[in-house]
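The values are calculated or read from the model by the stated rules, or taken from the named source; none is laboratory data. These figures come from a predicted structure and were not determined experimentally. FYI the Cβ positions are ideal-geometry reconstructions off the backbone, even for glycines, and counts take in every protein chain you see. When the accessible area is computed, the model is the full protein with side chains, heavy atoms only, and any ligands, DNA or RNA have been set aside. Shrake-Rupley method; radii C 1.70, N 1.55, O 1.52, S 1.80 Å.
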Amino acid sequence: MAIVAEQSRFSRIFWPTLAWITAIVVFFPIFWLVFTSFKTDADAVKPEFLFKFTPTLENYSNMVDNYDYWRFAGNSIITSVFATIFALVVGVPCAYAMAFDPTRATKDVLMWMLSTKMLPAAAVLYPMTFLTKNFLGIYDTKFLVIVVLMLVNLPIVIWMLFSYFKEIPKEIIEAGKMDGVDTWGEIKEILIPLAWGGIASTALLTFIFCWNEAYWTVRLTTTDAATLSSLIEGNRAPEGLFFGRLSAVSTAAIGPIVVLGWFCQKQLVRGLTFGAVK
Amino acid sequence: MGSIKLKNVTKSFGDTEVIPPLNLDIEEGEFVVFVGPSGCGKSTLLRLIAGLENTTSGEVIIDGEDVTEVTPSKRGLAMVFQTYALYPHMTVRKNIAFPLRMSGMDPAEIDKRVAAASTSLNLNDYLDRKPGQLSGGQRQRVAIGRAIVRDPLAFLFDEPLSNLDAALRVGMRLEISEMHKQMGTTMIYVTHDQVEAMTMADKIVVLQSGRIEQVGSPLELYNSPCNTFVAGFIGSPKMNLLSGKAAEKYNAHTIGVRPEHLSISDVKGDWEGVVGVSEHLGSDTFVHVHFDGSSEPLTVRADGDLELEYGAKVYLTPDLKKLHRFDENGRAFKL
Ligand SMILES: Nc1ncnc2c1ncn2[C@@H]1O[C@H](COP(=O)(O)OP(=O)(O)OP(=O)(O)O)[C@@H](O)[C@H]1O
Ligand SMILES: [Mg+2]
């Protein structure tokens, strides 16, 4: 008994402390970033001005007036939304087929899809740039960004959906078949309503991944289709003197996604744990 | 409408053949029960008829039409699952209405049918609940309601009562039989409970390892089982099977006597034995008697008020007219 009580007191103190330390370590750079965005570039580089400075909105107004923030933000929203929608449109039927009508190859197909994530993106940078620019002529278009974002995320989307669909008893789908529903009806009337939570989590995570994607969006766009990632990248001045400006741009880029994540915490936790938390 | 025919149907999962070539005729309006031990392929056979499982070879014919390649949704059959398989996201009303809505029926007609079904199944108080808020018995009623609203060609039941408690099971059993008498629709019912099979069926199909052992009415199977497997499977308590010396006296390899065809006496009889456990049911007493000619104790169905001392000496006499004889392959024969 005594040992149990001892342990629980230990864990009552230990785990929250650990959680706080982790949270602070993780949060500190973001805190720093937001702080810096309200400083002038001159103040930003002086560590002694960490807390002692005159806050200014100059960086933000500069960003909106001179750097066309809204266009980048618009591109981010459009490409992320459509890439997410298309990934689901492809992923739902795909995961459905693999979950409820598996063949001997299903396991292998799933592994193969995941293995595409092991390919270093840099390895296909040249063909991707060359082909889209000189051959297909879709370089720097939203269409290209949407397609690439969708394809990059599709394996994760299918894996997540697959694991959610697996939780649905097979008999319920079979009952649907007996009740005269065709395949599309099974998806629309039974699968989607039943897996709604899982699909929403998947959509949310995919949207966040799309929003944060930087490797391809930076390299496959110049102006027309450039997203917020490109805006940040573009403000990374080589001299390294515009920390205030860079911080404002970064804060404005991650802001929407943080707010979104805040409101959808529950869905996100469920999504990230692949439904392990009930 | 509602005759079903299986022609040389086989089913293999990978390399294992679960159903060897099988032929079966189910007449329109019949109540057919598939019965057999666990894993003998009852569900698989039912699912082959439903179309939820593809045949490896052979044909499934419904009303004279080959439906082997037809999807389940187009076969016009309704199924009630062991796990009920209700749609958890829909209310009882929507569950029952679902097949009608999918067939594009007029909403007014749907309401009428749902009301009729829910009244006959005593579900009126639960129509706006979700399945999660119902008891097992109520869920099973909803599953049956969902099956009956659309007038299917035939009903398929896969052990629908096995998740219910004993009292409820007897009640539902009667209700399903009543339903069959009133609607006259073909029903195929899978169970491993031979009492359910005996009480409900017009025709029983006894299966073992995917093979049909015998097909017949409950009384046919009871009175003349074609082999020792069917003899031991149909009837409760089980038929007593004896081989060796005791059987040779009756010119058979194995003989079978049902508990109700053994008379018990403490004075004289053909077989001398020792009383083991007696089970008093009130209406009957099942006496287990240890007898040298049989490795297992023999069961005797005796009078309800019979009192026998444990370890007492008794004599048993089989009713010769009700004796079953089997050859060395277990097949029944008559003298
Ligand atoms: N999808 C499957 N893959 C491989 N083998 C299967 C599959 N489904 C069933 N089997 C096998 O087929 C045989 C028959 O199974 P089935 O479910 O039809 O038995 P059952 O008579 O309904 O048994 P129970 O009374 O336990 O429900 C079993 O040996 C089972 O292991
Ligand atoms: Mg079964």
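Tabulated results
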{"quantity": "Heavy-atom accessible surface of chain B: percent carbon and sulfur, 1.4 Å", "calculated": "48"}
{"quantity": "Beta bridges per DSSP with both ends in chain B, % antiparallel, nearest 5", "calculated": "75"}
{"quantity": "All Cα pairs of segment A:135-278, percent lying beyond 21 Å", "calculated": "58"}
{"quantity": "Label-point separation, residue A:18 to residue A:33 (7 Å along Cα→Cβ), nm", "calculated": "2.7"}
{"quantity": "Nearest-20 debye value, segment B:4-229 charge dipole, Cβ charges on Lys, Arg, Asp, Glu", "calculated": "780"}
{"quantity": "Selected from B:34, B:124, A:161, residue furthest toward positive end of dipole (the protein assembly as shown; charges at beta carbon)", "calculated": "A:161"}
{"quantity": "Once exposed loop trypsin sites (Lys or Arg not before Pro) are cut out (DSSP; at most 13 other Cβ, 10 Å), longest piece of chain B", "calculated": "B:1-248"}
{"quantity": "Chain pair B, A: total accessible area buried, heavy atoms, 1.4 Å probe, Å²", "calculated": "1600"}
{"quantity": "Total charge dipole magnitude, segment B:239-333, about the Cα centre, Cβ charges on Lys, Arg, Asp, Glu only, Debye to nearest 20", "calculated": "460"}
{"quantity": "Where GluC sites (Glu not before Pro) fall in DSSP loop in segment B:235-335, at most 13 other Cβ within 10 Å", "calculated": "B:307, B:309, B:328"}
{"quantity": "Note, ³J(HN,Hα) from phi for segment B:237-254, Karplus 6.51, -1.76, 1.60, rounded to Hz, x at Gly and Pro", "calculated": "x, 4, 5, 7, 10, 10, 10, x, 4, 4, 6, 4, 4, 9, 6, 9, 6, 9"}
{"quantity": "Amide H contacts under 5 Å for residue B:149, placed H, 5+ residues apart", "calculated": "none"}
{"quantity": "Surface per residue (accessible, 1.4 Å probe) for the protein assembly as shown, Å²", "calculated": "51"}
{"quantity": "Shape parameters for segment B:148-276, alpha-carbon atoms, Rg then Dmax in Å", "calculated": "18.7, 63"}
{"quantity": "Of the DSSP H helices in chain A, those whose Cα atoms cover at least 27 Å axially and whose Kyte score averages 1.0 or more", "calculated": "A:2-37, A:69-100, A:142-165, A:243-263"}
{"quantity": "Cβ-placed point charges (K, R +1; D, E -1), dipole of the protein assembly as shown about Cα centre in debye, nearest 20", "calculated": "1640"}
{"quantity": "Sequence-separation-based contact order of chain A, relative, with Cα cut under 8 Å and 6+ spacing, percent", "calculated": "31"}
{"quantity": "Residues whose placed amide H lies under 5 Å from that of residue B:157, excluding near-sequence neighbours", "calculated": "B:80, B:188, B:189, B:190"}
{"quantity": "Förster-model FRET efficiency, 56 Å R0, residue A:223 and residue B:195, C-beta, rounded to 0.05", "calculated": "0.10"}
{"quantity": "1.4 Å probe, heavy atoms, protein only - residues of segment B:50-73 losing at least 30 Å² accessible area vs chain alone", "calculated": "B:52, B:72, B:73"}
{"quantity": "Between helix B:107-120 and chain B: long-axis angle, C-alpha atoms, 0 to 90°, nearest 10", "calculated": "20"}
{"quantity": "Approximate spin-label separation residue B:279-residue B:133, in nm, with each point projected 7 Å along Cα-to-Cβ", "calculated": "4.2"}
{"quantity": "In sequence order, calculated HN-Hα J values of segment B:284-289 (Karplus, 6.51, -1.76, 1.60; Hz; x Gly/Pro)", "calculated": "9, 10, 9, 9, 9, 10"}
{"quantity": "Residues with amide H under 5 Å from that of residue B:263, placed H, sequence gap 5 or more", "calculated": "B:317, B:319"}
{"quantity": "At R0 = 51 Å, FRET efficiency that the Cβ-Cβ distance of residue A:111 and residue B:305 yields, to 0.05", "calculated": "0.15"}
{"quantity": "Loop sites in segment A:101-160: trypsin sites (Lys or Arg not before Pro), DSSP, at most 13 other Cβ within 10 Å", "calculated": "A:104"}
{"quantity": "Quotient of Cα Rg and 2.2 N^0.38 Å for chain B, N being how many residues it contains", "calculated": "1.17"}
{"quantity": "Nearest-ten-degree value, helix B:136-148 long axis tilted from longest Cα axis of chain B", "calculated": "60"}
{"quantity": "Kirkwood hydrodynamic radius over Cα pairs of the protein assembly as shown, then Stokes diffusion coefficient at 10 °C and 1.306 mPa s, in µm²/s", "calculated": "52"}
{"quantity": "Note, ³J(HN,Hα) from phi for segment B:68-82, Karplus 6.51, -1.76, 1.60, rounded to Hz, x at Gly and Pro", "calculated": "3, 9, 8, 5, x, 5, 9, 8, x, 9, 10, 10, 10, 8, 4"}
{"quantity": "Rg followed by Dmax, in Å, when segment B:239-333 is reduced to its Cα trace", "calculated": "13.1, 39"}
{"quantity": "Folded to 0 to 90 degrees: helix B:166-183 orientation relative to chain B principal axis, Cα", "calculated": "60"}
{"quantity": "Distance between modelled label sites at residue B:270 and residue A:126, nm, 7 Å Cα→Cβ extension", "calculated": "9.5"}
{"quantity": "Tail weight of P(r) past 22 Å, computed on alpha-carbon pairs of segment B:41-164, percent", "calculated": "38"}
{"quantity": "Estimated 222 nm signal from helices in chain A, with DSSP H stretches of n ≥ 4 weighted -39500 (n - 2.57), rounded to 500", "calculated": "-22000 deg cm²/dmol"}
{"quantity": "P(r) of segment B:27-79 over all Cα-Cα pairs, binned every 10 Å from zero, in whole percent", "calculated": "22, 52, 25, 0"}
{"quantity": "Efficiency of FRET between residue A:61 and residue A:10 - r from beta-carbon atoms, R0 56 angstrom, step 0.05", "calculated": "0.60"}
{"quantity": "Equivalent-ellipsoid semi-axes of segment A:37-275, from the Cα gyration tensor, Å, largest first", "calculated": "41, 22, 15"}
{"quantity": "Share of carbon and sulfur in the accessible heavy-atom surface of chain A [1.4 Å probe, %]", "calculated": "72"}
